[in-house]
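A short write-up of the structure that comes next.
The values are calculated or read from the model by the stated rules, or taken from the named source; none is laboratory data. None of these values were measured; they are calculated from a predicted model. Positions of Cβ are generated from backbone atoms using ideal geometry, with glycine treated the same way; all protein chains shown enter the neighbour counts. We work out accessible area using only protein heavy atoms, side chains counted, and drop any ligands, DNA or RNA first. Shrake-Rupley method; radii C 1.70, N 1.55, O 1.52, S 1.80 Å.
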Amino acid sequence: VQLQASGGGLVQAGGYLRLPCAASGRTFSNYVMGWFRQAPGKEREFVAALSRSGSSTRYAESVKGRFTISRDNAKITVYLQMNNLKPEDTAVYYCAADSGIGGVTTSLSLYDYWGQGTLVTVSS
């Protein structure tokens with residue numbers, strides 16, 4: 001599967017953005033989908049993940065209550081709605097797909113396919 005993330009940009013603290021990640025291929029519904037981010041000088045970290053059906057989610061503690069991951073299997077797209085953005089959310093955001101048979105995972109190493117990333121900058 002190929003992934004194309006978009007929607008990044010510059011936003012003021014307290015603002016919001018919605019990141020779509022469009023996928024190719026007819027087996028999109030077979031993948032657990034995740035979002036990760038990498039801030040300058042830091043390692044890539046887990047943000048949110050979503051089960052194949054969309055019924056189960058996991059979030060990093062730092063984004064709980066502010067970010068929402070969702071998917072539209074008909075449009076083969078996964079979304080990350082980011083509200084109440086903070087300067088510490090500044091990072092390149094990546095969508096990823098896990099083709100394994102397990103549940104919703106936060107482990108970066110279990111994701112097989114990655115998009116190219118989209119930059120989110122939150123100004124204070």
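Restricting region 86-100 to residues that are hydrophobic (A, V, I, L, M, F, W, C) and buried (at least 23 other Cβ atoms within 10 Å of the Cβ), the residue that is farthest from residue 16 (Cα to Cα) is 97. The single condition among (1) at pLDDT 95 or above; (2) over 17 Å from residue 15 (Cα atoms) that residue 74 does not satisfy is (1).
Just one of the listed residues (45, 61) is out of contact with any Gly (no Cβ under 7 Å at 6 or more places or on another chain) and either modelled with pLDDT under 95 or exposed (fewer than 14 other Cβ atoms within 10 Å of the Cβ) (or both), namely 61. Inspect all residues belonging to region 106-120 and state whether any of them is at pLDDT 95 or above, of a type in the set (S, T, N, Q) and open to solvent by less than 40 Å² (accessible area, probe 1.4 Å). Within region 106-120 (the criterion being at pLDDT 95 or above, of a type in the set (S, T, N, Q) and open to solvent by less than 40 Å² (accessible area, probe 1.4 Å)), the answer is yes, since at least one residue qualifies.
From the list 17, 3, 50, exactly one residue is within 20 Å of residue 123 (Cα to Cα) and aliphatic (A, V, I, L, M). Which is it? After applying the criteria, what remains is 17.
In the condition set (1) at pLDDT 95 or above; (2) more than 11 Å from the chain's Cα centre (by Cα), residue 18 is compliant with all but (2).
Considering the conditions (1) buried (at least 18 other Cβ atoms within 10 Å of the Cβ); (2) at pLDDT below 95; (3) of a type outside the set (Lys, Arg); (4) over 21 Å from residue 1 (Cα atoms), residue 40 is excluded by exactly one of them, (1). Might you let me know whether region 25-33 holds any residue that is of a type in the set (A, V, I, L, M), in contact with a helix residue (DSSP H, G or I) (Cβ under 9 Å, 6 or more places away or on another chain) and touching a residue at least 60 places away in the same chain (Cβ under 8 Å)? Yes, the conditions are met somewhere in region 25-33.
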